[in-house]
């Protein structure tokens, strides 16, 4: 039993440290830790003939319990845990399978667990110094507006409050836009796009009415409001998803309609980026649609 407890404690300690910002939100947390925990859990079932499904079941149960503890102890919010669960589940099953193979064919639990106990802190110590933000990712969303480019431009540069309720994932605590205003700072124009968690500060870099509006992102609010029994603010709210640039392009279709295209360039400071991008692209598309649909509705109104 002791061989099951040791890797579980190491996995829990690594996850808690990452949640507090001590480690990078990366491969060690989302890939290696569930494997280590799953390997430890595979030693929990007892009996002369340990079945593979028993090891798998134990791995899923223990990894799920650790995720629940993160929520109950205020280390993470519900939505972030739900988003991570598919990845954690797959890696936990892999860990359970590896633990089953070690139990059945190697029969040296102490050596096996010493191996994973050494590998985990080694990767945790190595990963953060070498982890750099990836190149900006572009997400583009477009709508067709039954109005002139001039009418669309007027509603784009600073849009009125959006009264429609949020839809889809935006109802689960993800920050979403409410309105935008322009203001002048000395010799430059700054756009403030207000979200439910604060305002994006966007210095204008291209002003070509009625076709092109572009801006950088000088500051941004937290990406979401966590659903948790506690008042928490995990480090990833301020840095995991970082917007870099944005633009609107307005194109006359020549048939009384206008193509309105919005693009956001952002970086993900977490790994594996391919997995997290599946979520972040969908969220940004939903944010885009909330703004673009509002602009279209306003531009088409009599």
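The C-beta contact set for the stretch 170-186 (first residue more than 15 Å from residue 202 (Cβ to Cβ), second residue at pLDDT below 90 and in a helix (DSSP H, G or I), distance under 6 angstrom, 6+ apart or interchain) comprises 172/79; 173/79. Mind listing whichever residues of the stretch 164-197 are at positive phi and loosely packed, with under 13 Cβ neighbours inside 10 Å? Scanning the stretch 164-197 gives a single hit, 186.
One line per residue, one yes/no per condition, for (1) farther than 16 Å from residue 276 by Cβ; (2) assigned by TED's automatic domain parsing to the domain that holds residue 227; (3) modelled with pLDDT of 75 or more:
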site	(1), (2), (3)
11	yes, no, no
14	yes, no, no
27	no, no, yes
54	yes, no, yes
58	yes, no, yes
68	yes, no, yes
87	no, no, yes
92	yes, no, yes
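Of all the numbered requirements in (1) at pLDDT below 95; (2) part of a strand (DSSP E or B), residue 245 misses one, and that requirement is (1).
Within the stretch 68-80, being surrounded by 20 or more Cβ atoms within 10 Å (Cβ to Cβ) and without any contact (Cβ under 8 Å) to a residue 60 or more places away in the chain holds for one residue alone: 70.
Checking the stretch 262-280 against the condition returns no match, with no residue being more than 30 Å from residue 235 (Cβ to Cβ), part of a strand (DSSP E or B) and at pLDDT 95 or above.
The listed residues are 101, 61, and the only one of them that is without any contact (Cβ under 8 Å) to a residue 40 or more places away in the chain, out of contact with any helix residue (DSSP H, G or I) (no Cβ under 8 Å at 6 or more places or on another chain) and assigned to a helix (DSSP H, G or I) turns out to be 101. The residue list 222, 234 contains one member that is in a loop (DSSP other than H, G, I, E, B) and either more than 21 Å from residue 67 (Cβ to Cβ) or touching a strand residue (DSSP E or B) at 6+ places or on another chain (Cβ under 6 Å) (or both), which is 222.
The values are calculated or read from the model by the stated rules, or taken from the named source; none is laboratory data. None of these values were measured; they are calculated from a predicted model. Don't worry about glycine lacking a Cβ; one is built from the backbone with ideal geometry, like all the others, and counts go over all protein chains shown.
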